[in-house]
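The values are calculated or read from the model by the stated rules, or taken from the named source; none is laboratory data. Given the structure is predicted, the values throughout are model-derived calculations rather than measurements. Virtual Cβ from ideal backbone geometry, glycine too; neighbours counted across all protein chains shown.
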Amino acid sequence: MIQPNNLKRVRPSTRRDGRDRHLGVSSENTLKNNTATNNGEHGFLLVESDRNVLRENSASLNAVVGFLLVESTDNVLVENRARKNAYGFAAVVESFGNLVKENRFCQNSVFDVFDPESSFNTYIENKICGDTVLDE
């Protein structure tokens, strides 16, 4: 787990070792051009993490969620790709004020986008390649 505020930029990398990319209680970081593939749970997971930027990352073939926000606010996800996960993107448990812009969520088996509190997040020009969107 990454400690609060000590990570400002993650260098491009690829992870295929079954462990997800995880920011826990960490703010104001940038993750750019990373790949998370074939992980046992999630590709990219933000827990209690605020004001982060995820740009041009790819999450595919992860068992549960490609990009997951839990109790995370004011994050920006732009130009990311989630493909062939169970869920492409999910924002749960008081994840508010997030901007999800110009991402591609395709061929995810359960939902491409799952956000039961979607009125509190902003979605702009995302590409959904299927019809699996839940925004209650």
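Kindly list, by first and then second residue, each pair from a residue in the stretch 57-86 that is on the phi > 0 side of the Ramachandran plot to a residue that is surrounded by fewer than 19 Cβ atoms within 10 Å (Cβ to Cβ) and β-branched (Val, Ile, Thr), limited to pairs with Cβ atoms under 9 Å and residues at least 6 apart or on different chains.
Here the result reads 61/37; 71/47; 71/92; 71/93, each pair linking the stretch 57-86 to a residue that is surrounded by fewer than 19 Cβ atoms within 10 Å (Cβ to Cβ) and β-branched (Val, Ile, Thr).
Within the stretch 55-76, does at least one residue satisfy the condition of being under 17 Å from residue 33 (Cα atoms), touching a Cys at 6+ places or on another chain (Cβ under 7 Å) and basic (Lys, Arg)?
No, the stretch 55-76 contains no residue that is under 17 Å from residue 33 (Cα atoms), touching a Cys at 6+ places or on another chain (Cβ under 7 Å) and basic (Lys, Arg).
Right, residue 94: modelled with pLDDT under 95 and either crowded, with 18+ Cβ neighbours inside 10 Å or under 18 Å from residue 47 (Cβ atoms) (or both) or not?
Details: modelled with pLDDT under 95: yes; either crowded, with 18+ Cβ neighbours inside 10 Å or under 18 Å from residue 47 (Cβ atoms) (or both): yes.
For residue 94, the condition - modelled with pLDDT under 95 and either crowded, with 18+ Cβ neighbours inside 10 Å or under 18 Å from residue 47 (Cβ atoms) (or both) - is met.
How many of the residues making up the stretch 56-77 are part of a strand (DSSP E or B) and surrounded by fewer than 17 Cβ atoms within 10 Å (Cβ to Cβ)?
Looking only at that region, the number is 1.
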